[in-house]
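Undergrad: One structure is given below, represented as structure tokens, and several questions about it will come after.
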Amino acid sequence: DTLAPLFCNIHPTQLYTAAGDLLIFGLQYAFLRLYFKKPGELFFSYLALSSLNRFVTDFWRADRTFLSLPHADIFSLHQWIALVIISISIC
């Protein structure tokens, strides 16, 4: 019982997400912690980058769930949530 289709090749998106999170950590540790000085800036940069990571890797997921609204089926539900988090983090 899975949402992903059985007996077909799918992308290992968990590995993509882990690699993206490692890249985000390296970016924040090497550069962003020196650039952001105000409280919360580093946290919101993590939220934005992590949501961007989810937004991109969700294109390769085989178990994407879509909204049933008109013109909303371009992105999955998780991608819409990631876009909202990115928008809030940037603001």
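The values are calculated or read from the model by the stated rules, or taken from the named source; none is laboratory data. The structure displayed is predicted, hence computed values, not measured ones. Cβ: placed from backbone, ideal geometry, glycine included. Neighbour counts: every protein chain shown. The protein model used for the area step is the full one, side chains on, heavy atoms only, and it has no ligands, DNA or RNA in it. Shrake-Rupley method; radii C 1.70, N 1.55, O 1.52, S 1.80 Å.
Undergrad: Could you check how many residues of the stretch 1-27 are among the aromatic types (F, W, Y) and either part of a loop (DSSP other than H, G, I, E, B) or loosely packed, with under 10 Cβ neighbours inside 10 Å (or both)?
TA: Narrowing the stretch 1-27 to residues among the aromatic types (F, W, Y): 7, 16, 25.
Pick out the ones that are also either part of a loop (DSSP other than H, G, I, E, B) or loosely packed, with under 10 Cβ neighbours inside 10 Å (or both) and you get 7.
Residues that pass the stated criteria total 1.
Undergrad: If I go through the stretch 28-67 residue by residue, how many of them are open to solvent by less than 80 Å² (accessible area, probe 1.4 Å), in a helix (DSSP H, G or I), touching an Asp or Glu at 6+ places or on another chain (Cβ under 9 Å) and farther than 19 Å from L15 by Cα?
TA: Residues flagged as open to solvent by less than 80 Å² (accessible area, probe 1.4 Å), in a helix (DSSP H, G or I), touching an Asp or Glu at 6+ places or on another chain (Cβ under 9 Å) and farther than 19 Å from L15 by Cα within the stretch 28-67 amount to 1.
Undergrad: Considering every residue within the stretch 33-47, establish whether at least one is of a type in the set (A, V, I, L, M) and over 18 Å from the mean Cα position of the chain (by Cα). Walk me through it before giving the result.
TA: Of all residues in the stretch 33-47, those of a type in the set (A, V, I, L, M) come to 34, 42, 47.
Narrowing the set further to residues that are over 18 Å from the mean Cα position of the chain (by Cα) leaves 34.
Yes, that holds for at least one residue.
Undergrad: Restricting to the stretch 68-84, name every residue that is open to solvent by 30 Å² or more (accessible area, probe 1.4 Å) and more than 20 Å from T13 (Cα to Cα). Give the steps one after another, and end with the answer.
TA: Of all residues in the stretch 68-84, those open to solvent by 30 Å² or more (accessible area, probe 1.4 Å) come to 68-71, 73-75, 77-78, 80-81, 83-84.
Correct list: S68, L69, P70, H71, D73, V84.
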